[in-house]
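The next block holds one structure in the form of structure tokens; read it before the comments.
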Amino acid sequence: MSAARRRPPSRKGAGPRPARARTAPAAPAPQAEAPSIRVAKLRNGTVIDHLAAGTALRCLAILGLAPEAVVTVGLNLPSRSMKRKDLLKMENRRLTAAELARIALLAPRGTVCTIEDYRVVNKTRLELPTVIDGVVHCPNPSCITHHDPVVPRVRVDSNDPLRLRCHYCERRIRLDEVEFVPASSVPAIK
Ligand SMILES: [Zn+2]
């Protein structure tokens, strides 16, 4: 008489449990090597590597940016030779000799790679000439270069650390004093 009322077995929770994401053992993430960043998927353009840490943005300011420019900026990347370095990767951009001279002032150990069709077709280390014309203003307000129509000329006494000297008044120019002559008015660089 007592018909046991059977409850249908609860389906609650009877289904297959959703697989829980297995937490992988915390393997040490491989340290991102700067070289893999350096040329990654740049089809055509220029890579400026081994910039002293903290100089990439200044280099970028020197080079200027077209509105449509595609640029990757690396700051404080680990480097075997420099501990920390900056890097610039610019698509479809080549640097002129005048631009290279400016960058070389800020990055005496810098390297410049030209990329064509994903391959490095040219790699050069930035070098400063012994004399640079029309690139750096002399910070001495009494210098003849500020009063007469004279192209500023600096001599490079040392590359690294950088030591510059005004050709005319012999004033030493520290790196933090370097003020560039606008690129548009740059004459040939010796
Ligand atoms: Zn001077």
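Just so it is clear, none of the values below were taken in a lab; they were calculated from the coordinates. Bear in mind the structure is a predicted one, so any value in this text is a computation, not a measurement. Every residue, glycine among them, receives a Cβ derived from its backbone with ideal geometry; neighbour counts consider all protein chains shown.
Key figures for this structure:
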| item | result |
| --- | --- |
| Radius of gyration and maximum dimension Dmax of the range 131-185, Cα, Å | 10.4, 31 |
| The range 105-183: GluC sites (Glu not before Pro) in DSSP loop, at most 16 other beta carbons within 10 Å | Glu127, Glu170, Glu179 |
| Length added when fully stretched, Lys123-Tyr168, from 0.36 nm per residue minus Cα-Cα | 12.7 nm |
| The range 86-132: relative contact order in percent, alpha carbon pairs under 8 Å with at least 6 residues between | 32 |
